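Chemist: Just passing along the structure, written as structure tokens.
The values are calculated or read from the model by the stated rules, or taken from the named source; none is laboratory data. Everything numeric in this text was worked out from a predicted model, so none of it was measured. Here the Cβ is made from the backbone with ideal geometry for all residues, glycine too, and neighbour counts use every protein chain on show.
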Amino acid sequence: MRIEKLTLARKTKFKTAYYVARGEQHGPVVMITAGIHGNEVGSIAAATSLIHRLQRGQLRFDTGTLVIIPIVNQSAYGLRIRGLPDLNRTFPKAKGQSARHPLSAAIIRVANRYRPSWVLDLHEANGFSNVSRKYLGQSLITNHWSASATLSRKIIHKLNRDISSKKRKFNLRLRHLPGSARFAAVTLFKAKAVTVETSWELPLSLRKAYQTKIVRHFLDHIGIKLHEVHARKDALV
Ligand SMILES: [Zn+2]
């Protein structure tokens with residue numbers, strides 16, 4: 001495995017690290033973004049931990065490429081705010097249109113370079129989707145026409161089997177949101193794209209665990225199999 005650390009929006013005040021991890025074998029390319037909204041710390045914690053574990057050799061995969069941007073909006077994250085303007089409304093709304101923020105423009109350039117077949121955009125939201133239609137907490141969101149809806153349903157089914165609390169169960173939401181990363185991934189790159197939303201009302205450790213589990217389920221189905229690497233016993237002597 002090879003991991004490169006690169007800089008997004010390098011020449012701007014918004015610069016932030018991103019990582020490209022490649023397995024030995026060619027395979028699917030998946031882009032994972034977190035921190036498009038700076039206050040959604042559960043998703044940022046999950047993406048950060050994923051790249052750290054890959055870097056430390058605790059996790060590995062043989063096939064495919066992961067492009068991970070763990071903290072897109074550093075300044076909003078520093079202040080634990082959503083960020084102004086809302087970055088997830090600044091992506092191009094159609095082919096030929098440009099992004100309206102240096103960060104969304106830089107993400108589009110990275111997507112252009114690596115051409116991910118899947119984009120997982122990690123977020124957090126209020127409330128519980130299983131309590132009311134108006135809440136997005138504990139949901140996966142895909143575009144109406146997107147083939148990703150089928151896999152999202154399958155993953156929700158798997159997740160919910162292990163969740164005993166009715167309130168915490170996940171639901172699928174189908175939404176167009178022009179200007180969002182998901183919409184741009186689908187319309188500009190014909191990628192399959194899913195927005196992951198955990199609920200802010202849950203403890204941080206649990207939100208991070210859900211985010212991690214969801215990412216692992218998707219990667220597994222897409223064909224990037226993550227393996228835990230256990231320290232050899234003799235290395236501990
Ligand atoms: Zn968000």
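Chemist: Would you pick out the residues in the range 72-86 that are crowded, with 22+ Cβ neighbours inside 10 Å and among the hydrophobic types (A, V, I, L, M, F, W, C)?
Modeler: Hits for the range 72-86 are Val72, Ala76.
Chemist: Any idea which of Ser180, Ser199, Ser148 is in contact with a strand residue (DSSP E or B) (Cβ under 8 Å, 6 or more places away or on another chain), under 19 Å from His123 (Cα atoms) and modelled with pLDDT under 95?
Modeler: Going through Ser180, Ser199, Ser148 in turn, the sole match is Ser148.
Chemist: The conditions are (1) farther than 23 Å from His230 by Cβ; (2) under 18 Å from the mean Cα position of the chain (by Cα), and Gly64 fails exactly one of them. Which is it?
Modeler: (1)
Chemist: In addition: Within the range 16-33, how many residues are more than 19 Å from Leu59 (Cα to Cα) and within 14 Å of the ligand (Cβ to nearest atom)? Outline the logic, then answer.
Modeler: Keep residues of the range 16-33 that are more than 19 Å from Leu59 (Cα to Cα), which gives 16-17.
If we keep only those that are within 14 Å of the ligand (Cβ to nearest atom) too, we end up with none.
So the answer is 0.
Chemist: Filter the range 45-64 for residues that are closer than 28 Å to Ala99 by Cα and free of Cβ contacts under 8 Å to residues at least 60 places away in the same chain; which is surrounded by the most Cβ atoms within 10 Å (Cβ to Cβ)?
Modeler: Out of the qualifying residues, it is Ile51.
Chemist: Here are some conditions: (1) within 16 Å of the ligand (Cβ to nearest atom); (2) among the charged types (D, E, K, R); (3) at positive phi. Glu201 meets all but one. Which one does it not meet?
Modeler: (3)
Chemist: Would you point out the residue of the range 1-22, among those that are surrounded by fewer than 18 Cβ atoms within 10 Å (Cβ to Cβ) and part of a loop (DSSP other than H, G, I, E, B), that is modelled with the lowest pLDDT?
Modeler: Within the range 1-22, the first condition is being surrounded by fewer than 18 Cβ atoms within 10 Å (Cβ to Cβ), and the residues that meet it are 1-7, 10-13, 15, 17.
Add one more test, that the residue is part of a loop (DSSP other than H, G, I, E, B), and what stays is 1, 10-13, 15.
On the way: Met1: 92, Arg10: 96, Lys11: 95, Thr12: 97, Lys13: 97, Lys15: 98.
Of everything passing the filter in the range 1-22, Met1 is modelled with the lowest pLDDT.
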